[in-house]
Amino acid sequence: MGARASDGAVAFLKDAIRENHVMTGELGETPVTAVYDDRYDTAYVYRNPDEQTVSDVDGAVAVGGSTYAPDSLPLPRIHTFDAMWFAWVGYYPETNVYD
């Protein structure tokens, strides 16, 4: 699962995000959080500059004491692509990859 913005690109291995449900990384120098959505077998990547605690709660996602659907966190969402790695790395070779 890859996400890109003007300040860089980040990717989370789909098997890893499926297993962990919530993962963190960096896009450029900005902390990001990836969350898995088992309803659609996909993930969403959000900017998390204040490094809020994000956790999985039985298929929902907890942020700041409230729970949300994985596609509705109260954080800025970055368009996320379910791409094949060989194609992604051709366009974004400097991607930070998390597994």
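No value in this document is a laboratory result; all are computed from the given coordinates. These numbers were taken from a predicted model, which means no experiment stands behind them. Glycine also receives a Cβ, built like all others from the backbone with ideal geometry; neighbour counts cover every protein chain displayed.
Side notes on the structure shown:
- Sorted by Cβ neighbour density within 10 Å, fewest at the top, the residues T42, T80: T42, T80
- Between V97 and A11, the built amide H atoms are under 5 Å apart, and every one of these is 5 or more places off in sequence or on another chain.
- Across the stretch 26-36, computed HN-Hα scalar couplings (Karplus, 6.51 cos²θ - 1.76 cosθ + 1.60, θ = phi - 60°) run 9, 10, x, 10, 9, x, 10, 10, 10, 10, 8 Hz from first to last residue, x flagging Gly and Pro.
- The H on the amide N of I78, modeled in the peptide plane, is under 5 Å from the matching H of V45, Y46, R47, each at least 5 residues off or on a different chain.
- Relative protection proxy for 89-99, 18-28, from highest mean packing down: 18-28, 89-99 (other beta-carbon atoms within 10 angstrom).
- Close amide-amide hydrogen proximity is noted between L27 and V32, each under 5 Å apart and 5 or more residues distant or on a separate chain (H modeled in the peptide plane; Pro and chain starts excluded).
- R39-D58 pseudo-label distance in nm [points 7 Å out on the Cα-to-Cβ vector]: 1.6 nm
- Cβ-based charge dipole, the chain, positive-most Cα from Y46, A34, F81: F81
- Residue order, fewest to most surrounding Cβ atoms within 10 angstrom, among I17, I78: I78, I17
- Ordered by the number of other Cβ atoms lying within 10 Å of each residue's own Cβ, fewest first, L75, L13 fall into the sequence L13, L75.
- Residue-averaged 222 nm ellipticity for the chain, from DSSP H runs of 4+ at -39500 (n - 2.57), nearest 500: -3500 deg cm²/dmol
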